[in-house]
1. Taking each residue of A:254-260 in turn, how many C-beta atoms of other protein chains fall within 10 Å of its C-beta, and what is the average?
2. Report, in debye and to the nearest 20, how large the dipole of segment B:6-50 comes out about its Cα centre when Lys and Arg carry +1 and Asp and Glu carry -1 on their Cβ.
3. Give me the Kirkwood hydrodynamic radius of chain B, using the inverse of the mean 1/r over all pairs of distinct Cα atoms, in Å to one decimal.
4. May I ask for the distance between the Cα centers of segment A:169-244 and segment B:30-53, given as a whole number of Å?
5. Convex hull volume of the Cα atoms in segment A:127-248, per residue, in Å³?
6. Over the Cα atoms of segment A:105-170, Rg to Rh with Kirkwood Rh, two decimal places?
7. Please list, short to long, the whole-number percent of alpha-carbon pairs of chain A in consecutive 10 angstrom bins beginning at zero.
8. Mind giving me the FRET efficiency for residue A:258 and residue A:71? R0 is 51 Å, r the Cβ-Cβ distance, nearest 0.05 is fine.
Amino acid sequence: MRIAMTYTRLRVEERMLIDAFEDLGADVTPIDLRTVVFNPTSLGEWAQYDAVFDRSLSLTNTLTSIRILESLGVRCINPLHAIETCADKLATTLAFIRAGVPTPEVRVAVDSDSGLDAIEQLGYPCVLKPTVGSWGRLVSRINDRDAAESILEHREVLGSVNHSVVYAQEHINKPDRDIRVFVVGGNAIAAIERRSEHWLTNTARGAVAAGMEVTPELADLSTRAVASVGADIAAVDLLECPSRGLLVNEINHSMEFRNSTTTTGVDIHRVVAQHTLDIAQAHASQAAGDGDIHPVQRACDASIDGEGAGSSGTPEREGVLA
Amino acid sequence: MSTATITATCPECDATVNFDRAPLNGEIARCTDCSAELEVINTDPITLELAPEVEEDWGE
Ligand SMILES: Nc1ncnc2c1ncn2[C@@H]1O[C@H](COP(=O)(O)OP(=O)(O)O)[C@@H](O)[C@H]1O
Ligand SMILES: [Mg+2]
Ligand SMILES: [Zn+2]
């Protein structure tokens, strides 16, 4: 199998993944997205890969590349729809609600005044988050009306339009940790707790991770959550609510795991690489059944055949765009 | 290949940065002397630059 691993910065995780692919006998090509020019009508060099595994640190770069590649018929991991859902906390919340996955209460508003009402509906403390963001950046706990008013004013004056949406979440009075479950191919393969004295328990913010057992409840909830967003490989963050039990907070489509292999005893990178290969294999067999040509390529070939000088008769293959 | 043969110079403090294998473009390394976070911007010869600050759209 030939896998392209796209990236913008090569971290420890990407190194571990490259090693895992090579150990499994796969041919993996790391591709720095900053060096690529995409042609949305032609697969070009990408035709040689059975799947593209996105590991870009930049969400913009991920979305740009995966939109084009998936449109060209390349099997991307994760699929575009899963990335778009996970990358946006509102989209994630909506997917959870539709699927009946327990999640903290949310109120949404598009204006500062209605934003204040949204916050007051939830009561204090509550949590305000940018809908797109990670590593705990700008995730704020609001303890009273004064804080709510000032944060909304700051956003209005200093923030970009992206921050004009008020996504307010019920504050969960969790113990001094949250839980992260790694889900690969529909299986909950490992779990960690992230412990901190700070209410933000991102390891990027100094929380300390330790391995924990994947209980049947954790496995059930996290696999259902991942299924609701359609991700192949993801890390699910859960909060323990004293009254309602486990709630799913969010899903990360491009997870970090460098320290989690030792704390959990699970070679996460190996399981991830193996699952990526399985997907690539399945996609390659399916493509072989289709004449080994990606749909858009087929469409483009067909339209070229149709217009080509001296082209005799109708194109053999069905053209989607033609 | 001995592990000490792949080296580059820290742009911040001039110390030698060792790689245990040939790095790729975009690879992140840390200088053990000044602990600056560095990025490989060229692989032949290996050239390092201070890694950029976290951008707003970076993350998991
Ligand atoms: N509703 C909440 N109640 C309590 N703690 C929360 C809540 N939402 C987030 N947190 C804490 O903040 C951290 C970061 O929030 P999260 O929604 O995961 O955003 P990010 O994508 O930046 O990681 C979580 O790991 C958790 O510790
Ligand atoms: Mg999180
Ligand atoms: Zn240095």
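1. Mean shielding by partner chains, rounded to a whole number: 1.
2. 120
3. 12.0
4. 33
5. Details: hull volume 14.5 nm³, N = 122.
Dividing the Cα hull volume of segment A:127-248 by its residues yields 119 Å³.
6. Reported Rg/Rh, Kirkwood definition of Rh: 0.91.
7. 6, 24, 30, 22, 13, 5, 2, 0
8. Here the calculated transfer efficiency is 0.95.
The values are calculated or read from the model by the stated rules, or taken from the named source; none is laboratory data. Please read these numbers as outputs of a predicted model, since none were measured by experiment. Reconstructed Cβ throughout: ideal geometry from the backbone, glycine too, with neighbour counts over all protein chains shown. Remember, those area values only see protein heavy atoms, side chains included, never the ligands or the DNA or RNA. Shrake-Rupley method; radii C 1.70, N 1.55, O 1.52, S 1.80 Å.
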